[in-house]
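Here's the structure, in structure tokens; my notes come after.
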Amino acid sequence: MRCLWLTWIDPKPEHDGQRIYSGRLIEAVAKAGAHIRVLCFSSDGSPRSDGEVEGRVRWSMVPYPSRPAWTSVLSSLPHIAHRSATTPMREAFGGLLRGAPWDAVVLDGLYAGWALLPYQRRFANGQRR
């Protein structure tokens, strides 16, 4: 199974619940046999780099600076989803959606909520998902 996994930030280092949850879930799904491409923001202190492969997991990371908090007032998205929808993140997600036949796309948490509409647009008109 080929899985595109969109999460907030590189789970390493594990210093909060979101990172622990996402990192361990990604590891478990990979151990179950899935090939996973993770798209996330890069994290200070992480030993990983963009494009790195760890077993069945390939990491795609974009620079962390999220949108300023005040800009979410003008968005229909929840605050945290809006702040995560940076131009580099949207472009990377679009490229990954077009680049491979994914068996599953995981939007891991509210941070990834912005990606639902681009996903739906990509597979409009009954295209295979």
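Brief remarks follow.
- Residues in the chain average 56 Å² of solvent-accessible surface per residue, probe 1.4 Å, ligands and nucleic acids excluded.
- Close amide-amide hydrogen proximity is noted between residue 41 and 9, 10, 62, each under 5 Å apart and 5 or more residues distant or on a separate chain (H modeled in the peptide plane; Pro and chain starts excluded).
- Relative contact order (%) - the chain, alpha-carbon pairs under 8 angstrom, separation at least six: 29
- Under 5 Å between amide hydrogens, built in the peptide plane, is the criterion, and for residue 58 it picks out 36, 37, 38 among residues at least 5 positions away or on other chains.
- Taking every DSSP helix (H) stretch of at least 4 residues in the chain, weighting each as -39,500 (n - 2.57) and dividing the sum by the residue count yields a mean residue ellipticity at 222 nm of -9500 deg cm²/dmol.
The values are calculated or read from the model by the stated rules, or taken from the named source; none is laboratory data. The shown structure was predicted, so the numbers you read here are calculated from the model rather than taken from an experiment. These accessible areas exclude ligands, DNA and RNA; they are computed on the full protein's heavy atoms, side chains included. Shrake-Rupley method; radii C 1.70, N 1.55, O 1.52, S 1.80 Å.
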